[in-house]
1. Could you calculate the contour length gain from residue 149 to residue 161, that is, 0.36 nm times the residue separation minus the distance between their Cα atoms, to one decimal place in nm?
2. In deg cm²/dmol, rounded to 500, what helix-only [θ] at 222 nm does the chain give when every DSSP H run of at least 4 residues adds -39500 (n - 2.57) and the total is split over its residues?
3. Name the lysines eligible as straight-distance cross-link partners of residue 149: C-alpha to C-alpha under 30 Å, and not fewer than 8 places from it in the same chain.
4. Where the centre of each part is set by its Cα atoms, how far does the range 65-112 sit from the range 47-61, in angstrom?
5. Specify the longest stretch of the chain that does not include any exposed loop site, a site being one of the GluC sites (Glu not before Pro) with a non-H, G, I, E, B DSSP assignment and at most 13 other Cβ atoms within 10 Å.
6. Which percent, to the nearest 5, of DSSP beta bridges fully inside the chain are antiparallel?
7. Using only Cα atoms and rounding to the nearest 10 degrees, what angle (0 to 90) does helix 187-201 make with the longest principal axis of the chain?
8. What is the distance, in nm, between label points placed 7 Å from the Cα along the Cα-to-Cβ direction at residue 194 and at residue 77?
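Quick note: the coordinates plus some simple rules give every number you see, no bench work behind them. As the structure is a prediction and not an experimental result, all values here were calculated from the model. Cβ placement follows ideal geometry from the backbone for every residue including glycine, while neighbour counts extend to all protein chains displayed.
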Amino acid sequence: MNEVGAIVLAAGLSRRMVARNKLLLPVGGVPMIRHTVDTYSAVSVRPVLVVTGYAAEDIEAALAGSSARTVFNPDFAQGRSTSVVCGLRAVAPAIDVLIGLGDQPLLTPADLRALLAAHRGGDPARISIPVREQKRGNPIVVPASLRTKVLSDPASPGCKKFTRAHPEHVRFLALPNAGFYTDIDTPDEYEALQQESRAANA
């Protein structure tokens with residue numbers, strides 16, 4: 001498999017989880033962010049880059065002993081796009097990069113391998129985005145050749161605005177697995193995840 005980097009966004013305020021930071025909640029016996037990093041580490045020989053912001057010290061503590069490295073986004077309160085830019089500026093410029101979210105616990109290494117295979121088997125010069133029933137998923141794959149364009153467009157900072165402003169640089173991949181489209185934002189969503197886990201292990 002060709003070399004790929006991975007950026008995991010973990011800087012958000014976790015407001016909808018009320019008093020808890022969702023990325024520190026247990027999934028499979030470890031904090032959610034650690035679970036996510038382990039998933040990405042299975043497909044990348046490079047250390048996973050985790051972009052921190054809110055509760056950065058707690059996130060770093062949860063990752064202690066893992067192969068991840070962190071970079072702090074001082075502008076995290078201004079939104080996810082700033083974390084994307086921060087992450088892209090911090091990774092090696094000559095490799096394709098997966099950019100994903102820290103709160104997608106259903107994502108598996110097999111899902112990531114399927115995404116990378118579809119990206120490389122189609123038009124690897126475009127940004128690849130999973131899609132199911134017109135819903136966009138994560139992670140996305142940003143080719144090295146587009147890194148400069150994504151970072152240099154002042155009107156479209158970050159990948160979300162860039163991909164909408166420049167559809168000629170985008171390829172949507174029909175990938176059905178739920179892991180691409182499920183993130184955990186609320187106590188109810190986390191409880192549903194726990195119930196599914198308990199049922200699966202019963």
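1. Numbers: separation 12, 0.36 × 12 = 4.32 nm, distance 1.22 nm.
Roughly 3.1 nm would be gained on extension.
2. Working: 7 runs with 69 residues, N = 202.
Only helices count here, giving -10000 deg cm²/dmol.
3. 135, 160, 161
4. Cα centroid of the range 65-112 versus Cα centroid of the range 47-61: 10 Å apart.
5. Values: sites that count: 3, 133.
Within the chain, the longest run free of exposed GluC sites (Glu not before Pro) spans 4-132.
6. Values: 8 of 28 bridges.
About 30 percent, rounded to the nearest 5.
7. Helix 187-201 sits at roughly 80 degrees to that axis.
8. The two pseudo-label positions are separated by 3.1 nm.
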